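Let me begin by presenting the structure, written as structure tokens, before commenting on it.
The values are calculated or read from the model by the stated rules, or taken from the named source; none is laboratory data. Computed from a prediction, not measured in an experiment: that's the story for all the values here. FYI the Cβ positions are ideal-geometry reconstructions off the backbone, even for glycines, and counts take in every protein chain you see. Side chains included, ligands, DNA and RNA excluded: accessible areas come from the protein's heavy atoms. Shrake-Rupley method; radii C 1.70, N 1.55, O 1.52, S 1.80 Å.
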Amino acid sequence: MNITIIGTGYVGLVTGACLADLGNNVICADNDIRKISRLNKLIMPIYEPGLDDIVRRNVKEKRLSFSVDIKAAVKKSTIIFIAVGTPSLENGEADLTGVENVAKVIARNINGYKLIIEKSTVPVETGFWVEHTVKVNLAKGKQGKLKFDVASNPEFLREGQAINDFMNPDRIVLGVESQRARELLLELYKPLKANIIVTDIKSAEIIKHASNSFLATKISFINAIAQICERVGADVVKVADGMGLDKRIGRNFLDAGIGYGGSCFPKDLDAFITIAKKSGYDFELLRAVREVNEQQKSGIVKKIKDALWILKDKRIAVLGLSFKPNTDDLRNSPSMDIIRQLQSEGAQVRAFDPHAMKKAKEILPSLRLCADAYEAAKDADCLLIATEWNEFKDLDFARLKKLMRQPLLADGRNIYEPKLIKKSGFRYIGAGRVSVS
Ligand code: NAD
């Protein structure tokens with residue numbers, strides 16, 4: 001099939017590369033000239049395991065190309081995915097101007113039947129507005145003559161394992177309102193042999209927001225339990241293990257720590273709360289989820305401060321900058337928020353991340369970056385693990401103790417066993433575990 005993906009970011013690039021790998025002809029289009037010219041030189045705009053290989057292979061085999069000429073790309077394809085960003089506005093609403101702009105460009109360049117698919121995460125009823133926008137922007141005389149369908153096909157991939165998630169999804173959700181759209185999408189995804197849920201467009205849009213909100217709720221729930229564990233002297237890791245073995249609950253997303261972040265959960269929660277309110281429903285539950293998440297970030301700063309007395313001029317080594325391991329994505333990263341809070345208290349922060357340092361430097365130019373965990377720890381008063389990269393799971397604490405001014409570990413992701421850390425001569429701060437000194 002001939003496919004255009006408009007928006008070549010984490011989702012658009014992965015979707016385009018994977019659909020090309022399944023044998024389709026794909027154009028990944030974007031209005032970011034620098035990004036497209038670099039992609040044409042096979043320079044990846046993001047760190048995502050396996051992406052480089054799949055892009056190279058499909059470009060070489062001439063199934064995948066990159067372009068800033070969105071008009072021409074629309075004309076060449078029957079299937080058009082919209083995968084532009086949908087960031088939060090000040091009031092929490094999703095900013096859908098990118099989606100609207102793309103819908104207008106599509107309308108003005110329709111030259112035959114098109115299936116227009118929302119891949120971006122959008123609030124319910126966006127499908128209706130995309131259809132409306134295309135209709136009113138069709139050239140005069142073409143209205144009613146050119147056929148098109150709108151569909152919703154939300155994306156559930158996780159950064160860090162995006163290729164595998166796209167190729168082996170738990171489910172594919174198709175929101176369609178016509179037989180033609182249904183058949184085209186079923187044909188497109190046939191090679192993946194996945195569970196497919198076919199529904200109306202509004203339900204598909206809600207499935208995405210509800211799924212992300214539910215996962216964020218699980219994280220905030222265990223973080224709230226962690227607060228109780230800390231106060232009464234229980235261990236939230238054991239509590240999560242005990243809960244998670246219940247198949248109705250499951251262990252995933254029950255890791256207490258410094259909270260969720262990333263480009264999706266915070267903005268999708270904001271958007272879902274806002275669209276719920278517009279529909280007349282106050283989503284108090286999700287407002288509480290958001291609040292608990294904020295408390296987790298300020299909570300670790302307070303615990304470090306309690307352990308060090310005064311933060312001004314204390315040296316804090318932060319391990320991990322990306323919002324989760326295996327990505328360089330810093331959007332809404334809890335680590336970056338915590339660094340800002342520490343710096344505002346006068347602490348000197350030194351940081352290390354295996355892949356996100358280049359992007360971190362652009363956002364926080366004053367941040368001192370180090371070559372590895374041990375360089376960051378030199379003369380530090382506290383070592384904070386903010387992202388659970390694998391390479392932080394087996395640190396040499398004897399070496400760290402010699403390097404640091406004070407042996408204090410703030411384990412923001414509960415990676416280590418507090419008692420073992422104490423045996424290494426460190427004081428330990430975790431989330432939902434008794435601090436040991
Ligand atoms: P991104 O910021 O990485 O990429 C968006 C791309 O769209 C950018 O390259 C930008 O230049 C381009 N763009 C913006 N406006 C454009 C326009 N008018 N014309 C052409 N290109 C335009 O964003 P992302 O992380 O890929 O997310 C895209 C959407 O997918 C969002 O709605 C997001 O919520 C959703 N989503 C993201 C993930 C994820 O893990 N990142 C997972 C599932 C869903």
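Annotations for the structure displayed:
- Among (1) of a type in the set (D, E, K, R); (2) more than 28 Å from Pro49 (Cβ to Cβ); (3) touching an Asp or Glu at 6+ places or on another chain (Cβ under 6 Å) - the single one Glu284 does not satisfy: (3)
- Of Ile43, Ile27, Ile54, Ile80, all but one fail to be closer than 26 Å to Asn164 by Cβ, away from the ligand (no atom under 11 Å from the Cβ) and assigned to a loop (DSSP other than H, G, I, E, B); the exception is Ile43.
- Extreme residue, farthest from the ligand (Cβ to nearest atom), among residues of segment 146-179 that are under 15 Å from Leu115 (Cβ atoms) and loosely packed, with under 14 Cβ neighbours inside 10 Å: Gln179
- Looking only at segment 1-19, and only at residues there that are small (Gly, Ala, Ser) and either at pLDDT below 95 or in contact with a Cys (Cβ under 9 Å, 6 or more places away or on another chain) (or both), the one that is nearest to the ligand (Cβ to nearest atom): Gly7
- Residue match in segment 413-428 (condition: under 18 Å from Val237 (Cβ atoms), surrounded by 23 or more Cβ atoms within 10 Å (Cβ to Cβ) and touching a residue at least 60 places away in the same chain (Cβ under 8 Å)): yes
- Restricting attention to segment 115-145, the residues that are within 16 Å of the ligand (Cβ to nearest atom) and in contact (Cβ under 8 Å) with a residue 40 or more places away in the chain total 12.
- Among the residues making up segment 345-379, a single one is open to solvent by 10 Å² or more (accessible area, probe 1.4 Å), within 16 Å of the ligand (Cβ to nearest atom) and not in a helix (DSSP H, G or I): His355.
For every residue, the table says whether it meets (1) in a loop (DSSP other than H, G, I, E, B); (2) within 17 Å of Gly175 (Cβ to Cβ); (3) small (Gly, Ala, Ser).
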{"site": "Thr86", "(1), (2), (3)": "yes, yes, no"}
{"site": "Glu90", "(1), (2), (3)": "yes, no, no"}
{"site": "Gly98", "(1), (2), (3)": "no, no, yes"}
{"site": "Ala103", "(1), (2), (3)": "no, yes, yes"}
{"site": "Ile106", "(1), (2), (3)": "no, no, no"}
{"site": "Thr121", "(1), (2), (3)": "yes, yes, no"}
{"site": "Val124", "(1), (2), (3)": "yes, yes, no"}
{"site": "Phe128", "(1), (2), (3)": "no, yes, no"}
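- Qualifying residues in segment 101-115 (those that are more than 14 Å from Ile70 (Cα to Cα) and of a type outside the set (Phe, Trp, Tyr)) - the one surrounded by the fewest Cβ atoms within 10 Å (Cβ to Cβ): Gly112
- The listed residue being modelled with pLDDT of 95 or more and over 24 Å from Phe323 (Cβ atoms), out of Val55, Val84, Val59: Val59
- Hey, Ile225 open to solvent by 30 Å² or more (accessible area, probe 1.4 Å), more than 15 Å from the ligand (Cβ to nearest atom), within 29 Å of Val434 (Cβ to Cβ) and without any contact (Cβ under 8 Å) to a residue 12 or more places away in the chain or not: no
- Scanning segment 101-114 for residues that are in contact with a strand residue (DSSP E or B) (Cβ under 9 Å, 6 or more places away or on another chain) and within 11 Å of the ligand (Cβ to nearest atom) gives Val102, Ala103, Val105, Ile106.
- On the stretch given as segment 173-222, residues that are touching a Ser or Thr at 6+ places or on another chain (Cβ under 9 Å), touching a residue at least 40 places away in the same chain (Cβ under 8 Å) and either of a type in the set (Gly, Ala, Ser) or closer than 30 Å to Asp255 by Cβ (or both) total 7.
- Filtered residue count, segment 329-344, keeping only those that are part of a loop (DSSP other than H, G, I, E, B) and open to solvent by 10 Å² or more (accessible area, probe 1.4 Å): 3
- Selection status of Gln143, open to solvent by 30 Å² or more (accessible area, probe 1.4 Å) and at pLDDT 95 or above: no
- Members of segment 272-314 found to be touching a residue at least 12 places away in the same chain (Cβ under 8 Å), open to solvent by 50 Å² or more (accessible area, probe 1.4 Å) and closer than 16 Å to Gln343 by Cα, listed by number: Ser298, Lys305, Lys312, Asp313
- Leading residue by the ranking (farthest from Val150 (Cα to Cα)) among those in segment 83-100 that are open to solvent by less than 50 Å² (accessible area, probe 1.4 Å) and within 9 Å of the ligand (Cβ to nearest atom): Ala94
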